[in-house]
Amino acid sequence: MTVVVNDASESATLSVVDSLIALAEAITECRRCERLVEWREKIAEEKRAAYAEDEYWGRGVPGFGDPEAKVVIVGLAPAAHGANRTGRVFTGDRSGDFLFASLHRTGFANQPLARHVDDGLALHDAYVTAAVRCAPPANKPTPEERDNCRPYIEKELALLTESKVFVALGQFGYQVASSILGIRPRPKFGHGLVVPIEQQSDAIGRHVVCSFHPSQQNTFTGRLTEPMLDQVFITARELAGMDPI
């Protein structure tokens, strides 16, 4: 079983941690989407030459982080040779390298690198998840696959009761997070956009903050730079009422 949460802090209730672990088990066992199951298992069998000696995860990938997180990061889906290989979200690929380095600089992660599930990475006040839990061909899940996965992220967000800010990585993450959080109408996506969540009884003072996805296409071309992503997480800290770094 992959690591799904940091070691629970003393104040984190056992029931929340147990519920997150049970949810992780359901995600890893899910075979709801035939196309995605076939693709993730094909990649895990064929492998990339650089990882020929690795045992690929090849299953659904749960979220990871602090069960008392104030900031929740919503990505798209596992990378074929990243999380689909390692079993931990945003771990083992360049997108994850870019993301966790930023989380380290902005005070959310204890180290800048994420290589494998036993690398010692821990998040403080942050939790990372994805809208779709299996690696999709061409990194493009279908609307049906997105909807099949939606109950998992709905339950995850409901369990993360301390969450104040949701950082949406890319338009796909923004669409899914906005839909679940009841943002209507949804403002047009843009990097750095801050969207207050409608002040419902369970969502007072919460926000969505948008960022370009830390894909190689965005980071290699300079569309998303380190200072740009750092500023997103600095803004998230401020909106969540956390101490500045």
Are there helices (runs of 4 or more DSSP H) fully within region 149-239 with at least 1 residues that are closer than 14 Å to V71 by Cβ and touching a strand residue (DSSP E or B) at 6+ places or on another chain (Cβ under 8 Å)? List them. 170-181, 226-239
Please indicate, with yes or no, whether at least one residue in region 207-218 is farther than 20 Å from G96 by Cα and either loosely packed, with under 13 Cβ neighbours inside 10 Å or in contact with a helix residue (DSSP H, G or I) (Cβ under 8 Å, 6 or more places away or on another chain) (or both). yes
What tally of residues in region 61-105 results from selecting those that are among the aromatic types (F, W, Y), more than 19 Å from V176 (Cβ to Cβ) and under 12 Å from the mean Cα position of the chain (by Cα)? 1
Could you please find all residues in region 128-148 being in contact (Cβ under 8 Å) with a residue 60 or more places away in the chain and out of contact with any helix residue (DSSP H, G or I) (no Cβ under 8 Å at 6 or more places or on another chain)? N139, E144, N148
Residue by residue through region 184-198, note down the ones that are crowded, with 17+ Cβ neighbours inside 10 Å and at pLDDT below 95. I197
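The values are calculated or read from the model by the stated rules, or taken from the named source; none is laboratory data. Quantities reported herein were computed from a predicted structural model and do not represent experimental measurements. When we count neighbours, we look across all protein chains shown, and the Cβ atoms used for this are built from the backbone with ideal geometry, even at glycine.
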